[in-house]
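This report refers to the structure that appears directly beneath it.
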Amino acid sequence: MLVAIWIFTIVPEFLMRFLSWVLVRTLYRLRLHGIEQHVPDEGAALIVCNHVSYMDALILAACIPRPVRFVMYYRIFNIPVLRWIFRTAKAIPIAGARENPELMARAFDEIDATLAEGGLVCIFPEGALIRDGRIAPFKSGVERILERAAAAGRPVPVVPMALRNMWASMWSRRSEHAQGSHPGKMRLPRRFRAHVEVVAAAARTGRPDAETLEAAVRELRGDAA
């Protein structure tokens, strides 16, 4: 225990990953498909995934064996309780160009720097939580990330991933509408240990566009919202 505490104080990301693992494994029964095969053990990679609930980043952090830097909307980043975890995990807050162009520019710089250092970055290209259970069109930000990396002579692979069975989660928009809750407010789950699937596919190379990546994630998710 003393060694673990010492490690956590030196590398707080490990504490975040441990807390994420405990929280996620307590709330859900996870079924993982293709993560060990398709997420590289080392080197830079960009992960793209559908965005269903406020818990998505924590679920992926608990499933992916390497540290991941998540890019998330700054309002989700600032949710009470979760904010400390996101900050400790070195998540990258981002805002829309009209909301805060400086924050948006800093986010893209941080993403580029992380990939240049050989790290993993995960983005949710829909840009917001889904509102009707269906995947929203992917935005062009993913193309901008890949373009910057390619222009610097270091193209990165893109790993499509999908979350299944999270639409009924207490942290999804469906739950907000059903219960009349304020976005980001903690709500009691209707049932614990629900089955959630996380699926990964083979990495795409050669700067795939947003439409291609969206199709890949849609295929992975199938009919399971």
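The values are calculated or read from the model by the stated rules, or taken from the named source; none is laboratory data. Note that the structure is a prediction, hence the values are computed from the model and not measured. Virtual Cβ from ideal backbone geometry, glycine too; neighbours counted across all protein chains shown.
From the residues in the stretch 1-42 that are more than 28 Å from Pro155 (Cβ to Cβ) and in a loop (DSSP other than H, G, I, E, B), which one is modelled with the highest pLDDT?
Step one: of the stretch 1-42, the residues more than 28 Å from Pro155 (Cβ to Cβ) are 1-12, 14-16, 18-31.
Now drop any that are not in a loop (DSSP other than H, G, I, E, B), which leaves 1, 11.
Details: Met1: 70, Val11: 58.
This residue is Met1.
Inside the stretch 92-108, can you point out the residues that are among the basic types (Lys, Arg) and modelled with pLDDT under 95? Quick ask: steps written out before the conclusion?
Residues of the stretch 92-108 among the basic types (Lys, Arg): 98, 106.
Within the stretch 92-108, Arg98 is the sole residue that qualifies.
Name the residue that is farthest from Arg134 (Cα to Cα), counting only residues in the stretch 43-91 that are touching a residue at least 60 places away in the same chain (Cβ under 8 Å), not in a loop (DSSP other than H, G, I, E, B) and not aliphatic (A, V, I, L, M).
Per the stated criteria, the residue is Thr88.
Only one of (1) surrounded by 22 or more Cβ atoms within 10 Å (Cβ to Cβ); (2) touching a Cys at 6+ places or on another chain (Cβ under 6 Å) fails for Val71. Which number is that?
(2)
How many residues are crowded, with 19+ Cβ neighbours inside 10 Å and more than 14 Å from Tyr73 (Cβ to Cβ) if we restrict to the stretch 120-132?
The number of residues fulfilling the criteria is 2.
Residue by residue through the stretch 23-75, note down the ones that are among the basic types (Lys, Arg) and over 17 Å from Ala194 (Cα atoms). Write out each step before concluding.
Within the stretch 23-75, the first condition is being among the basic types (Lys, Arg), and the residues that meet it are 25, 29, 31, 66, 69, 75.
Hits for the stretch 23-75 are Arg66, Arg69, Arg75.
Taking the stretch 74-106 on its own, how many of its residues are under 20 Å from Ala44 (Cα atoms) and buried (at least 21 other Cβ atoms within 10 Å of the Cβ)?
Taking the stretch 74-106 first, the residues under 20 Å from Ala44 (Cα atoms) are 89-93, 106.
After this cut, where a residue has to be buried (at least 21 other Cβ atoms within 10 Å of the Cβ) as well, the list is 89, 91-93.
Qualifying residue count for the region: 4.
Taking helices (runs of 4 or more DSSP H) that do not extend beyond the stretch 118-225, which have at least 1 residues that are farther than 22 Å from Asp41 by Cβ, touching a Pro at 6+ places or on another chain (Cβ under 9 Å) and at pLDDT 95 or above?
The helices (runs of 4 or more DSSP H) meeting that bar are 141-151, 210-221.
Restricting to the stretch 93-102, name every residue that is closer than 14 Å to Gly127 by Cβ and not in a loop (DSSP other than H, G, I, E, B).
Passing the criteria: Pro93, Ile94.
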